[in-house]
Amino acid sequence: MASPDVTVWDTLLRDGWVVVDAAAALGCPVAGLADATASPFDAAERLLGTTPLLVERQPIRPTEGARAFAGSREAAPLHTDSQMVLGVPAAVQALVCLEAAPRGGESVLVDGMQLLGWLDAHHPDRARALFDTPRTQRFYFGDVSGPTLCLRGGSLAWTVAPFAHDPIGRALAAALDAAPRIVLRLRPGEALLADNRRMLHGRTAFEGSRALLRLLVWTERTPPPPHLAARAQTLAAP
């Protein structure tokens, strides 16, 4: 949970993720969270403590025949939510838990900045390729092109599809397999806020019913450290 003397937004920028009491932040019982997020802009502002530019709201629950992992009970590989608005992915992914699965369904995070530091130290050629080599990665919503790590809208952003079989994708998958993971089981009424441009996220498989609300939140840009900005290519909005 966020510390009482540090804002949620500050914690998110520092650590890349934070779990908050969504019911308390939105001033409602757990059973009222769906209604409390019906105005997603207002809900995102109250959860984050900063004013968003744009918010997309989507219920997440198992659905027969779903095309995306969000609608299945399968394990979801580590990835980023890379839907673009004017060439920029969402800054924050907020997962509000309405109902936890009876077994499984834990959220999994890997810190992209820690991963980059490890690659710089142990595989500098692979780290350079993340910045220098354009790729086309396939997501369920369409293809995203550009280097794996680049500046989009002035913010440094990872783009990682759930499955990638090109050389960079295979090397990155091997690094992710060895990377430290944060595994979290959300309780009803809690929300996981993750920096979508920094944190790669996934989910373990689960049984039974599970219900979340996902908010993708676009905010003002968050400039990266100068040494990383100098390494990254800038992608102009289409």
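Whole number in Å², please: accessible area per residue of region 186-232, 1.4 Å probe, ligands, DNA and RNA not counted.
Values: 1720 Å² over 47 residues.
Computed with neighbouring chains in place, this is 37 Å² per residue.
Please state the shape class of region 109-186: rounded when a/c is under 1.5, otherwise prolate if a/b exceeds b/c and oblate if not, all from the C-alpha gyration tensor. Show your work: numbers first, answer last.
Numbers: a/c = 1.38, a/b = 1.12, b/c = 1.24.
Because its axes are fairly even, with a/c under 1.5, region 109-186 counts as rounded.
Over region 106-193, what relative contact order in percent results from Cα pairs under 8 Å that are six or more residues apart? Mind showing how you got there, number by number?
Working: 87 pairs, mean separation 31.4, N = 88.
Over region 106-193, the number comes to 36 percent.
Apply the Debye scattering formula to region 101-235, with a single equal point scatterer on each alpha-carbon and no solvent, then give log10 I(q)/I(0) at q = 0.10, 0.11, 0.16 Å⁻¹.
With one equal scatterer per Cα and no solvent, log10 I(q)/I(0) is -0.37, -0.45, -0.92.
Please say if region 158-238 is rounded, prolate or oblate, where rounded means a/c under 1.5 for a ≥ b ≥ c the square roots of the C-alpha gyration tensor eigenvalues, and otherwise the choice is prolate for a/b larger than b/c and oblate otherwise? Present the calculation step by step, with values, prior to reporting the outcome.
On the way: a/c = 2.11, a/b = 1.36, b/c = 1.56.
Note, shape of region 158-238 comes out oblate.
Based on Cα positions only, what radius of gyration and what Dmax would you give for the chain, in angstroms?
In Å, with Rg to one decimal and Dmax whole: 17.3, 51.
Mind pulling up the Rg/Rh value for region 1-90? Radius of gyration and Kirkwood radius, both on Cα. Can you show the working numbers first?
Working: Rg = 15.0 Å, Rh = 15.3 Å.
Ratio value, two decimals: 0.98.
Can you give the FRET efficiency to the nearest 0.05 for residue 229 and residue 118, using r as the Cβ-Cβ distance and R₀ = 30 Å?
Working: r = 20 Å, r/R0 = 0.67.
Computed FRET efficiency for residue 229 and residue 118: 0.90.
Determine one quarter of the surface area of the Cα convex hull of region 192-238, which equals its mean projected area, and express it in nm² to one decimal. Please list the in-between numbers first.
Details: hull surface 22.7 nm².
That works out to 5.7 nm².
Round to the nearest 0.05 the FRET efficiency obtained for residue 174 and residue 13 when R0 = 35 Å and r is the Cβ-Cβ distance. Walk me through the intermediate numbers first.
Values: r = 29 Å, r/R0 = 0.83.
According to the calculation, E is roughly 0.75.
Considering the options 122, 151, 17, tell which one lies farthest towards the positive end of the dipole of the chain, charges being +1 on Lys and Arg and -1 on Asp and Glu at the Cβ, about the Cα centre.
Comparing the listed Cα positions along the dipole, 122 ranks first.
Find the centroid of the Cα atoms in region 85-111 and in region 197-238, then give the distance between the two in whole Å.
With region 85-111 and region 197-238 each reduced to a Cα centre, they are spaced 10 Å.
For region 1-148, with all protein chains present and a 1.4 Å probe, just round the carbon and sulfur fraction of the accessible area to a whole percent. Let's see the in-between values first.
On the way: 3830 of 7190 Å².
The nonpolar share, carbon plus sulfur, comes to 53 percent.
Hey, how many Å between the Cα centroid of region 29-55 and the Cα centroid of region 123-184?
30 Å
Give, in whole angstrom and from largest to smallest, the semi-axes √(5λ) of the equivalent ellipsoid of region 68-121, with λ running over the eigenvalues of the Cα gyration tensor.
Whole-Å semi-axes of the equivalent ellipsoid: 24, 18, 11.
Stretched out fully, how many nm does the piece from residue 85 to residue 45 gain, at 0.36 nm a residue minus the Cα gap? Show your work: numbers first, answer last.
Values: separation 40, 0.36 × 40 = 14.40 nm, distance 1.88 nm.
Once the chain is fully extended between residue 85 and residue 45, it gains 12.5 nm.
Please check which bits of region 29-71 a label hung off residue 181 would reach, taking the label as a point 7 Å along Cα-to-C-beta and the cut-off as backbone N under 18 Å.
Zone members listed by number: 69-70.
Report the extension gain between residue 34 and residue 165 in nm, rounded to one decimal, defined as 0.36 nm multiplied by the number of residues separating them, less their alpha carbon distance.
Values: separation 131, 0.36 × 131 = 47.16 nm, distance 3.81 nm.
So the chain would gain 43.4 nm between residue 34 and residue 165.
Can you tell me the FRET efficiency between residue 236 and residue 143 if r is taken as the Cβ-Cβ distance and R0 is 25 Å, rounded to the nearest 0.05?
Numbers: r = 17 Å, r/R0 = 0.70.
After rounding to 0.05, the efficiency reads 0.90.
The values are calculated or read from the model by the stated rules, or taken from the named source; none is laboratory data. Owing to the predicted nature of the structure, the values given are computational and were not obtained by experimental measurement. Cβ: placed from backbone, ideal geometry, glycine included. Neighbour counts: every protein chain shown. To get the accessible areas, we keep the full protein, side chains included, count just its heavy atoms, and leave off ligands, DNA and RNA. Shrake-Rupley method; radii C 1.70, N 1.55, O 1.52, S 1.80 Å.
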